[in-house]
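As structure tokens, the structure follows; a few thoughts come after it.
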Amino acid sequence: MPTGKVKWFDAEKGFGFLSQDEGPDVYVRAEALPPGTPSLKAGTRVEFGIAQGRRGDQALQVRILDKPASVSRSQAASRRKRPEEMVSIVEDLIRLLDDVGEGYRHGRHPDARTARPTAKLLRALANELEL
């Protein structure tokens, strides 16, 4: 039986894709998941059968081999930046967002020199807030 990892799975839509260890990605529907398993987390190792569907290979009878390691709250908390370090990130982001907002008020989109660092700081702040 082929093995691989869950590439992504959307529980609301009831489908996703598996990346095979050897071969192309495979479509998977919620009906192929083990009983009592409504969804799959990206990175989960799985084993599955394959059948030819209308649009290519489709996974059948998915069996979970091992789940991806999750980060506990205590590990995540130990990786958090100190509040003093976050002050400069937030202040830089406010300045950049003020510049972006001013450009929008004058009918201009931000240029790449402004957009990239702003997006990078937004992502860093979002990641920090989610810990």
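Structure notes:
- Of all residues in the range 103-124, those that are in the same structural domain as Val90 (by TED's automatic domain parsing) have Cβ atoms under 6 Å from Cβ atoms of residues that are surrounded by 11 or more Cβ atoms within 10 Å (Cβ to Cβ) and not in a helix (DSSP H, G or I), 6 or more apart or on another chain, in Gly103/Pro110.
- Residue pairs whose Cβ atoms lie under 9 Å apart, sitting 6 or more positions apart in sequence or on different chains, and linking a residue in the range 29-52 that is surrounded by 12 or more Cβ atoms within 10 Å (Cβ to Cβ) to a partner that is hydroxyl-bearing (Ser, Thr, Tyr), are Ala30/Thr37; Ala30/Ser39; Leu33/Ser39; Lys41/Ser70; Arg45/Thr3; Val46/Thr3; Glu47/Thr3; Phe48/Thr3.
- Take the conditions (1) in contact with a Leu (Cβ under 9 Å, 6 or more places away or on another chain); (2) surrounded by 13 or more Cβ atoms within 10 Å (Cβ to Cβ); Gln58 misses just one of them, which is (1).
The values are calculated or read from the model by the stated rules, or taken from the named source; none is laboratory data. Bear in mind that the values here come from a model prediction, so they are computed numbers and not experimental data. Every residue, glycine as well, gets a Cβ built from its backbone with ideal geometry; the counts of neighbours run over all protein chains shown.
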